Amino acid sequence: MNAGSAHLAASSLGGLVTVNAWRPLRRGAVSTLSWASGLVTSELPLQTMAWQAAATGYFASRGALRTRRGRAGLALSAASWAGLVALHREAQRSQAVLEQALVDELGSDYRRQLAPQWAPPEVPLTRRQLALPARGSRRRYARDRDLAYGELGVRNHLDIWRRPDLPADAPAPVLLQIHGGAWATGSKRGQAYPLLSHLAERGWVGVAINYRLSPRSTWPDHIVDVKTSIAWIKANIARYGGDPNFIAVTGGSAGGHLTALTALSAGDPAFQPGFEDADTTVQAAIPMYGLYDFTNRDGTGRTDTIDFLADKVLKSRLDDDRERWDQASPMSRVRADAPPMFVVHGTNDSLLPVEQARTFAELLRKESTRPVVYAELPRAQHAFDAFGSLRTLYTVRAVDRFLASVLSTPA
């Protein structure tokens, strides 16, 4: 293949990657491939453009632009770069979307109501943060690792994230991080590092947990472990500088589902076997790109997700076991005394529909007497916060402001 043809082929592939990031496929088995191939591009569009430009420069040095196909490749590359710049602008727009979501629910003057000790400083992003996104540092902040919160080995281990100079005389609020992975994969390592690092630096104590996974384990083992970890936190976190009276919970994907369910099911004996009297209330929740209804009551869910839950997680069929499926659904548990919640989802999510998150937020707002903030991030994919991208940094800062508002408001 000559340089011109090779350039055209490479440019066509780059263009497809950009189109997929802009408008991913959201249905069927191919949606997983669409997500996997589009996540990096949608979160790091300027870096992707730099790689594509470098490839164009290489082919140009080989004489590609002296051929008709090479020049066609250049035109395709230029169109791809325009799309990548547009994706970057959509990521920039997330800042305004997140702030508007907070203003709509908390009021236009909510920032002025933040207690000084919790109000985040207004620090502009640096060029280095934009050019070289950082995921955060487990090495720096995970001061205590692989602590046992239960009796089931590695699946009942947790890490505690905190600043090395955390004051011992001022208990810090606690963030519980629940990893995603379709209830079947994942661990306390590798997820939510940007948020954990940011809040640890701001003086929080973070707790990242493992929990039992399917198909080896069966629902409700997953949520039982989350509740077990909360009971452990309330009994032990003061030794690590944390405040057992303020626990916020967060997670993405399956972790988003578990986050919302945890917030809405405090004290449910079905999820607390053997420790029914333990206090498992939380003071705030930030579910991200989660699944909020196993029963698909509003018709926005995916049949392949329901099939997966039936085969691997609940190991029963919806029609035969509807009560159990319903109990596992956050939508079934919306309540007046729900803790403040910040629901975040991307409009380009290929794996879990944004429409279901929208329905969940609407239902919760109708019932809850506490704030329900809902933000749809433009063009954001599933698991967008895997990188320390521009959109992720804006989201982390918005979560910080939301939590500051909760801390500043009497319960």
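Table for the structure above
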| item | result |
| --- | --- |
| Those residues of region 190-204 which are at positive phi and buried (at least 24 other Cβ atoms within 10 Å of the Cβ), in sequence order | Ala192 |
| Looking only at region 1-52, and only at residues there that are in contact with a Phe, Trp or Tyr (Cβ under 7 Å, 6 or more places away or on another chain) and free of Cβ contacts under 8 Å to residues at least 60 places away in the same chain, the one that is farthest from Thr300 (Cα to Cα) | Ala6 |
| Residue count for region 310-330, restricted to those that are buried (at least 21 other Cβ atoms within 10 Å of the Cβ) and assigned to a helix (DSSP H, G or I) | 3 |
| Lone qualifier among Val207, Val226 - being crowded, with 17+ Cβ neighbours inside 10 Å and not in a helix (DSSP H, G or I) | Val207 |
| Complete set of residues in region 347-375 that are touching a strand residue (DSSP E or B) at 6+ places or on another chain (Cβ under 6 Å) and closer than 23 Å to Leu25 by Cα | Thr347, Val354, Ala357, Ala375 |
| Any chance Thr262 is part of a loop (DSSP other than H, G, I, E, B) and at pLDDT 95 or above | no |
| Top-ranked residue in region 108-137 [being part of a helix (DSSP H, G or I), charged (D, E, K, R) and at pLDDT below 85; ranked as nearest to His198 (Cα to Cα)] | Arg128 |
| Among the residues listed as Ala328, Ala285, Ala278, the single one being in contact (Cβ under 8 Å) with a residue 12 or more places away in the chain and touching a strand residue (DSSP E or B) at 6+ places or on another chain (Cβ under 8 Å) | Ala285 |
| In region 368-400, the residues that are among the basic types (Lys, Arg), surrounded by fewer than 21 Cβ atoms within 10 Å (Cβ to Cβ) and out of contact with any Pro (no Cβ under 6 Å at 6 or more places or on another chain) | Arg397 |
| Candidates Thr32, Thr18, Thr48 - the one that is farther than 27 Å from Leu130 by Cα, outside the structural domain of Gly346 (by TED's automatic domain parsing) and among the β-branched types (Val, Ile, Thr) | Thr32 |
| Complete set of residues in region 40-59 that are within 12 Å of Leu87 (Cβ to Cβ) and either out of contact with any His (no Cβ under 7 Å at 6 or more places or on another chain) or surrounded by fewer than 21 Cβ atoms within 10 Å (Cβ to Cβ) (or both) | Val40, Thr41, Ser42, Glu43, Leu44, Leu46, Gln47, Thr48, Met49 |
| Considering residues of region 297-309 that are in a loop (DSSP other than H, G, I, E, B) and free of Cβ contacts under 8 Å to residues at least 40 places away in the same chain only, the residue surrounded by the fewest Cβ atoms within 10 Å (Cβ to Cβ) | Gly299 |
| From the options Arg163, Arg62, residue that is closer than 25 Å to Ser389 by Cβ, of a type outside the set (A, V, I, L, M) and touching a helix residue (DSSP H, G or I) at 6+ places or on another chain (Cβ under 7 Å) | Arg163 |
| Region 335-356: number of residues that are in a loop (DSSP other than H, G, I, E, B), under 16 Å from Phe402 (Cα atoms) and touching a Pro at 6+ places or on another chain (Cβ under 9 Å) | 1 |
| Filter pass, Ser31 being closer than 21 Å to Ala380 by Cβ, modelled with pLDDT under 90 and under 22 Å from the mean Cα position of the chain (by Cα) | no |
| Scan of region 144-177 for residues that are at pLDDT below 90 and within 23 Å of the chain's Cα centre (by Cα), ordered by number | none |
| Residues (touching a helix residue (DSSP H, G or I) at 6+ places or on another chain (Cβ under 7 Å) and either of a type in the set (A, V, I, L, M) or surrounded by fewer than 15 Cβ atoms within 10 Å (Cβ to Cβ) (or both)) located in region 72-84 | Ala72, Leu74, Leu76, Ala79, Leu84 |
| Residue, surrounded by the most Cβ atoms within 10 Å (Cβ to Cβ), within region 129-156, restricted to residues that are more than 15 Å from Ala208 (Cβ to Cβ) and of a type in the set (A, V, I, L, M) | Leu152 |
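The values are calculated or read from the model by the stated rules, or taken from the named source; none is laboratory data. None of the values given here were measured: they were computed from a predicted structure. Note: ideal-geometry Cβ built from the backbone for every residue, glycine included; neighbour counts use all protein chains shown.
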